[in-house]
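Okay, structure first, notes after.
Laboratory data are not the source of any read-out in this text; all were calculated from the coordinates shown. From a predicted model like this one, the values you see are computed outputs, not experimental measurements. With ideal geometry, Cβ positions are generated from the backbone for all residues, glycine too; neighbour counts draw on all protein chains shown.
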Amino acid sequence: MLSRPQNQHHLHPFSVHGSRCLLRLHTNPNTAAPLLPFTITTTTKRPKSSICSSIHHHHNHQTTQKTEDDDKKRVIISEEIIRMHNARSTALLLRRLSTSHQQQEEPIPEQQQQQQQEEVAKENDEKVKLLELSLVRRRTPQFPGSIYLQSSPYTGGDHNESSPPPLHRLFPGGVVDKIIIDDDDEMLRKALEIRRKVTSEILKESVRSGKFSITYSTNLVSHLPDFVDFVMIEAASMKSLPEFSHSTFNSRAKTFIQNSNVVPLIRWLKHNSLTYPQIGKLICMSCGNLQSIRQLVEWLKQIYVKGEYLGFVLVKAGKNVLERGLEELDEIVGYLESNGVRKDWVGFVVSRCPKILSYSVEEIRSRVSFFLDMGMNKRDFGTMVFDCPKAFGFFSLEEMHCKVKYLQEFDLSNEDVGRLLAFKPQLMSCSIEERWKPLVKYLYYLGVRRDGMRRILTLKPMVFCVDLDTTIAPKVRFLRDIGIREDAIGGVLVKFPPFLTYSLYKKIRPVVIFLLTKAGVNQRDIGKVIALGPELVGCSIVDKLEVNVKYFLSLGISLRSLGEMIADFPMLLRYNLDVLRPKYRYLRRTMVRPLQDLIEFPRFLSYSLDGRIIPRHKLLVENRVNFKLRYMLASSDEEFNQRVEAAVERRRRFESGVMEDTLSESQETDSAIERTQVDYSRKVKSQGSLSLSENLNSI
């Protein structure tokens, strides 16, 4: 700072908007504190306002001197002080000057004067802070990764050139302590981040030296954040060793990476088909125990885990799998083998459900006993685990118990549930709240009751595993669209549960289109055909339906008549030709019946040739009577015998010449037959006289 002669007053010139003015400050003549003359220049054309703490000797300068009191004098300082201030310090100075001027002109109340003093104190504090921070020197450059701390003013040590001024003497009350602590924490974080980047670069160079590409090394190190921190900590702790006390951090980090053999391990894991994300996560999980990774991989190879699943098993098995001993893992595998899981299946099971390796031996035993207690034998248990390893090891025992209890609500015993899970273990993978309950509610509104749901569950358990919105609901809407009544949809689903598992566009719709276009089925009857025979949807068009249609057309049946036959008996298209040919041959050659009889009664092809058709035809021939195919086959043996006896009695009475009695009795017999055949009563009445003529012809 500059000194001035004693007993002088400073007159501060300043200019506003281009005009130059003088600021007068009163100073104590006994003190030598310097006062700064300020030149304030503000213009409307310039957005910036600057204050220069210097007075230049210039010929155009105009100075004025005024005297307020007799004992005070003001002079203009001609010395130049090189000091720059910002807009904030200018505002503080102007406010200070205006406050002091008002205090001199007007008397201020005590309360207002106290508030103004507090404001002035705050402004002075801010001004001191600005001035003090402006004096902070720029710290000296440091090498990358070093930790730089400002010398603390509390320690009493000597301050170096890069240390800031003693701010604690200007900011009392612990403010400086907080600032220093925050600065130190921020500086430590930045230093650690720099050191972490340095360690990452060292690790990249080490991996690159193992003949890995630059891209692979960069991607791998980006997945090793925990291992980078581990190397950084170990390299820092190595400085305490005598042989590394004078070595740099880079050399210590390189030495640790080389001694850990991480680069050869990475190459070995890559050779075993592990991806770099899997390698990175596995190394981070090992917590520095890299040897355990190699031992576990070798053990997985012994139980036939294939290369592409090694990384998946190691990553998904959990952190504790690297901490477990191989003896405990061998005990788990041995227990599974003793309960039906073959040795060559263990690798497949572990590959699909790595969580099994994280369970203890007691947990494995409790899970095995859970399934065996439901009546499942060891062979079924081993097959179940192989088919769906997730059903055995993915869910908790509590969830598994809840699912079994829910299945038992469909009137299934514990043994039935065991057989059901052995047949379809994927049921254990389904959620009760998200999958089963919405499906049960949907089927209930379609008219399916508990017995029907039980039939669906036992015949096609996969229905309870598919999605309701994307798989089941579209098929139900399709059944409505083709004309099936709402109250009959539930019966269709119960009659043929696999219908819900077929593809709508690859299986169901093509069959319907074939029936409409190639099989002669009328569009009005297509709903009836699917309702009566939903099993047609499961037949192959090329191998089954098209072959049968061509066969019936080759018999001389027209396409329209074939459509009517299918509408009357849809199962006609499901029989094999080896079954149809002998029956048709017997009908035409032995029974000597016309083709129209087959068109009127296509169900003839559904009866057994040796069990019903031939025995009943022989009985009719022996008694010299003849019935239509409908009356011949569509009745029980007792009804058929009664009908034959009635026909024989009518023929005997006709032969005896008692015509009137025969006619009356024949009518009574016909009425009895009509009562036994409710489905065809109307047709029998219309053909009463015709049956008499047939009897006469047979005689």
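With all pairs of separate Cα atoms included, region 289-408 yields a Kirkwood hydrodynamic radius of 14.8 Å.
May I ask for the net charge around residue 376, where only other residues with Cβ less than 12 Å from the Cβ of residue 376 are counted and Lys, Arg are +1 while Asp, Glu are -1? If you can, show how the numbers build up before the last one.
Working: positive: 378, 379, 419; negative: 373, 380, 415, 416.
Once positives and negatives cancel, what remains is -1.
Label-point separation (nm) for residue 218 and residue 236, each offset 7 Å from Cα along Cα-to-Cβ? About 2.8 nm, to one decimal.
Output needed for region 581-653: three equivalent-ellipsoid semi-axes, defined as square roots of 5 times the C-alpha gyration tensor eigenvalues, in descending order, whole Å.
So the three semi-axes of region 581-653 are 21, 13, 11 Å.
Centre-to-centre, using Cα atoms only, region 315-361 and region 204-228 are separated by 32 Å.
Give, as a single signed number, the net charge of other residues whose beta carbon lies under 13 Å from the beta carbon of residue 543, with Lys and Arg counted +1 and Asp and Glu -1. Write out the running numbers ahead of the final one.
Working: positive: 544, 550, 574; negative: 546.
It works out to a net charge of +2.
Longer than 27 Å from Cα to Cα, which of 301/355; 475/550; 343/437 are they? Say none if no pair is. Walk me through the intermediate numbers first.
On the way: 301/355 17 Å; 475/550 29 Å; 343/437 38 Å.
Among 301/355; 475/550; 343/437, the Cα-Cα distance tops 27 Å for 475/550; 343/437.
Residue separation times 0.36 nm, minus the C-alpha to C-alpha distance between residue 378 and residue 397: what's the value? Provide the component values of the computation, followed by the final result.
On the way: separation 19, 0.36 × 19 = 6.84 nm, distance 1.93 nm.
Roughly 4.9 nm would be gained on extension.
If packing is taken as the average count of other Cβ atoms within 10 Å, what order do 606-612, 562-568, 332-338 fall into, highest mean first? Kindly include the intermediate steps, with their values, before the conclusion.
On the way: 606-612: 12.7, 562-568: 21.7, 332-338: 16.3.
Descending packing order for the listed peptides: 562-568, 332-338, 606-612.
Compared with the alpha-carbon gap, the fully stretched path from residue 559 to residue 267 is longer by 98.0 nm at 0.36 nm per residue. For region 530-540, 3J(HN,Hα) computed residue by residue from phi via the Karplus equation (6.51, -1.76, 1.60; θ = phi - 60°) reads 5, 5, 7, x, x, 5, 4, 5, x, 8, 6 Hz, glycine and proline entered as x.
For region 194-287, the equivalent ellipsoid derived from the Cα gyration tensor has semi-axes of 24, 12, 12 Å, listed largest first. Just to confirm my numbers, what's the Cα centroid distance between region 630-656 and region 403-424 in Å? Taking the Cα centre of each part, region 630-656 and region 403-424 sit 51 Å apart. Once both labels are positioned 7 Å from their Cα atoms along Cα-to-Cβ, the gap between residue 413 and residue 550 label points is 5.0 nm.
Put a dot 7 Å past the Cα of residue 201, heading toward its Cβ, do the same for residue 485, and the two dots end up 8.4 nm apart. Restriction of the trypsin sites (Lys or Arg not before Pro) in region 280-371 to DSSP coil positions whose beta-carbon has at most 15 other beta-carbons within 10 angstrom yields 306, 342.
One equal scatterer on each Cα of region 506-574, no solvent, Debye formula: the resulting log10 I(q)/I(0) at q = 0.28 Å⁻¹ is -1.47. A straight chain from residue 441 to residue 259 at 0.36 nm per residue would run longer than the Cα-Cα distance by 59.1 nm.
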